[in-house]
Amino acid sequence: MNAFRGQISAILWNVVNRPRIIDLVDIILMAIIVYELLIHVRQTRISQTFKGIAILLVATWLSGVLGMRSIHALLSWLINAGPVLLIVLFQSEFRRILEELGNSGMFDPSGRGREDIETETVIDELILALQNMSRRRVGALIVIEQKTRLNDIIATGTEVDGRLTQPLLENIFEPNTPLHDGAVVVRGDRVVSAACLLPLSDATGVGRDLGTRHRAGLGMSERSDAKVLIVSEETGVISLAVGGHLTRHMDENSLRLLLHGIYDEKENEGGALSLLHLGQRRRNAHDGR
């Protein structure tokens with residue numbers, strides 16, 4: 001820790017007292033690299049680990065100030081071993097981040113690879129597929145990726161990489177077909193993967209009438225910011241799992257509100273919260289009948 005602080009102090013002294021053109025270029029390049037890393041890390045589950053590291057650094061500093069030698073020594077050892085542990089635990093995530101840095105728009109002035117999403121078309125196709133499967137009581141589990149990348153979940157399934165359409169979704173979830181058992185992961189306007197395995201929720205408050213499909217949807221929403229749409233095979237009821245909470249009996253209007261909140265850039269997070277409150281009121285009204 002002392003060597004690290006010494007290096008930082010030396011860098012700051014050189015920047016303040018002996019600035020050169022190459023120093024300014026160095027600072028600008030470093031700022032760009034750090035910014036790009038933060039943007040890509042924020043879209044992964046590593047971001048939660050970095051929050052823990054920040055807390056660990058603060059705890060180490062406080063233990064040193066307060067003179068807690070044993071705790072300070074232990075925390076200092078954890079910090080020194082931290083980089084090696086991170087590389088071992090998150091090697092696949094770091095590799096993906098480096099790949100995305102190479103493919104980012106920063107190195108692609110033409111903007112190729114960025115497709116404009118036809119919002120209304122995607123929403124109409126998704127709603128039509130959900131309604132058809134609900135009417136026919138075909139079970140479905142659709143994970144709509146948000147900021148947190150779900151590459152580890154995608155890797156458990158079969159790659160599809162097809163444009164999201166109503167026939168494609170219905171064909172995937174058609175009973176007795178190779179890909180019907182599992183979840184579909186949607187990224188933007190594309191179905192990335194099918195037959196994916198999701199973590200099950202350990203929540204004890206889940207109703208007994210809800211099966212594995214609903215527990216998987218809740219588990220996925222507990223571990224990421226993804227929105228998960230579920231069609232019950234027994235009742236045909238369409239449900240939404242967000243943040244570990246399940247909203248049932250989704251109709252066309254609430255589905256459209258949800259999907260516009262996801263795909264419209266002008267929508268904010270308040271739309272999703274309003275949707276949850278709306279769905280909760282509708283569920284209470286339905287249960288009270």
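None of the figures in this text is laboratory data; all of them are computed from the coordinates on show. Being a predicted model, the structure only gives us computed values, none of them experimental. Note: ideal-geometry Cβ built from the backbone for every residue, glycine included; neighbour counts use all protein chains shown.
For this structure, a couple of remarks:
- Estimated vicinal HN-Hα couplings, Hz - segment 71-76 in sequence order (Karplus 6.51, -1.76, 1.60; Gly, Pro = x): 5, 4, 5, 5, 5, 5
- For segment 137-149, backbone phi angles converted through the Karplus equation (6.51, -1.76, 1.60; θ = phi - 60°) give residue-by-residue couplings of 6, 9, x, 8, 9, 10, 9, 9, 5, 10, 6, 6, 5 Hz, Gly and Pro being listed as x.
- For Ala226, the residues whose amide H sits under 5 Å from its own are Gln146, ignoring neighbours fewer than 5 places away on the same chain, with H placed 1.01 Å from N.
- Going by neighbour counts of Cβ atoms within 10 Å, the residues Lys147, Lys227 line up, fewest first, as Lys147, Lys227.
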